[in-house]
1. Under the convention of a label 7 Å out along Cα→Cβ, give the distances in nm from B:E141 to the same position in every other copy, shortest first.
2. Given points 7 Å out from each Cα along the Cα-Cβ axis, report the B:A38 to B:E144 separation in nanometres with one decimal.
3. Enter the mean number of other protein chain beta carbons within 10 Å of the beta carbon of each residue in A:165-175, as an integer.
4. Strictly greater than 19 Å: what percent of every Cα pair in the stretch A:1-113 meets that?
5. Figure the gain on full extension for B:S17 and B:E193 (residue separation times 0.36 nm, minus the Cα-Cα span) and round it to one decimal in nm.
6. What angle, in degrees between 0 and 90 and rounded to the nearest 10, separates the Cα long axis of helix B:180-193 from the longest principal axis of the Cα atoms of chain B?
7. Could you state the orientation-averaged shadow area of the convex hull built on the Cα atoms of the protein assembly as shown, in nm² to one decimal?
8. Need one value for A:113-122: mean number of C-beta atoms belonging to other chains within 10 Å of its residues' C-beta atoms.
Protein chains: 2
Amino acid sequence: MDATTQQSGRRMGPPGSENWHAMLDGAEAILRDEGHAALTSRRVAEQIGVKQRLVYYYFRTMDELIIETFKRLSERELARLNQARASAKPVREIWDVCIHTTDARLVSQFMALAHRIEGLAKEVVHFVEESRRIQVEALTEAMERAGKTTRVTPAGLALLATSVALALTREGQLGISAGHEDVRVLVDEFLGELGEG
Amino acid sequence: MDATTQQSGRRMGPPGSENWHAMLDGAEAILRDEGHAALTSRRVAEQIGVKQRLVYYYFRTMDELIIETFKRLSERELARLNQARASAKPVREIWDVCIHTTDARLVSQFMALAHRIEGLAKEVVHFVEESRRIQVEALTEAMERAGKTTRVTPAGLALLATSVALALTREGQLGISAGHEDVRVLVDEFLGELGEG
DNA sequence: GTCTATACACCGATAGAC
DNA sequence: GTCTATCGGTGTATAGAC
């Protein structure tokens with residue numbers, strides 16, 4: 001039971017190899033540009049110029065490919081958040097990461113898929129909890145440093161910020177703008193009061 | 001070109017009839033419980049105990065059925081919002097409608113589908129803009145009545161509230177709870193200050 | 001490692017009878 | 001109004017050759 005022969009006994013390609021990454025790249029692009037309905041083994045193969053059969057050499061099922069795509073994406077996102085947290089203006093940079101997050105379309109595709117794919121839901125939960133933890137730590141430290149207090153706890157503030165950041169990108173892509181500028185101004189003011197202007 | 005013979009010339013069943021509603025009911029249930037992948041004409045027919053062919057008597061395409069399902073749902077939701085707005089505690093009741101909104105699963109399925117189905121995206125935009133308008137009007141009135149001012153405009157507040165309400169239900173269904181109670185307390189305090197405790 | 005070939009199921013949509 | 005029957009296409013996944 002090594003990297004190339006997983007539980008089923010069927011021969012499998014090595015995770016992390018060039019083709020493996022290319023398939024995740026393809027899956028991500030298809031999901032973003034065409035949506036879940038177009039995410040098929042044939043389409044992924046076509047996207048990266050290989051035969052359909054090869055997809056099943058690297059992934060046991062399409063669900064597994066989808067889960068791996070999300071995992072790679074969320075690990076990159078968590079790395080960006082940790083990097084932002086270690087910067088000179090951690091809260092502002094974390095906000096920027098959230099606002100310039102992975103395309104809102106991609107997020108909604110994964111959210112919808114998570115209903116059907118249990119393993120994906122588990123990964124989504126893990127990502128949300130980890131990113132919130134990072135945000136809460138950064139907020140707590142920054143507020144202490146600036147001697148600032150708020151009506152709501154750092155955890156509540158993190159939830160509010162994540163929610164509205166996602167809404168701003170999602171609605172923005174749909175062409176909705178009511179209230180958007182007002183919220184951005186509010187966030188900017190708050191960051192100024194934290195000394196991260 | 002009457003109700004029973006639309007553009008294509010193919011004979012069509014009347015919108016609003018018993019079967020028509022039954023099909024939307026079925027589509028809604030399938031979307032909620034099994035996700036977009038299971039929403040097929042055969043599955044809808046099976047769900048309500050008719051033959052597959054009949055689905056295409058009432059709807060020209062599956063996309064049309066999906067759009068109609070969302071339209072009926074969003075019209076019901078707007079009616080609930082308007083009713084809440086006319087009550088004694090409009091802002092609190094609107095918040096309750098948003099929190100006990102249509103299953104968050106259903107929302108994410110429609111959001112994902114809206115990428116592929118242009119007509120659905122149009123309906124989603126209309127719904128979001130209308131519901132925000134109702135919320136802003138209610139908030140503006142209530143704040144005036146209570147003589148309360150906030151750092152953010154009513155439009156910004158409405159966007160914040162909608163975003164976090166959706167996040168609370170979505171994350172709640174996934175089993176995530178960090179920061180949730182804090183936000184609920186904050187909202188309760190705010191409603192108290194509006195005289196809607 | 002990568003391929004050809006293929007089994008098998010299900011999908012959307014339509015023709016035309018009753 | 002509702003049905004039977006069906007076309008043409010596409011999906012997941014596997015067997016086994018090179």
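Taken together, the values in this text are just the output of simple stated rules run on the coordinates, not laboratory data. These figures come from a predicted structure and were not determined experimentally. Every residue, glycine as well, gets a Cβ built from its backbone with ideal geometry; the counts of neighbours run over all protein chains shown.
1. Those separations, rounded to one decimal, come out as 4.8 nm.
2. Taking the simple label geometry, B:A38 and B:E144 are separated by 4.8 nm.
3. Details: counts 1, 4, 8, 2, 0, 4, 8, 0, 2, 9, 4.
What the average comes to for A:165-175 is 4.
4. Numbers: 3242 of 6328 pairs.
Percent of Cα pairs beyond 19 Å in the stretch A:1-113: 51.
5. Details: separation 176, 0.36 × 176 = 63.36 nm, distance 4.68 nm.
Full extension from B:S17 to B:E193 adds 58.7 nm.
6. Roughly 60 degrees between the two axes.
7. On the way: hull surface 92.2 nm².
The directionally averaged projection comes out at 23.0 nm².
8. Details: counts 5, 4, 15, 6, 2, 0, 0, 0, 3, 2.
Per residue, the average neighbour count from other chains is 4.
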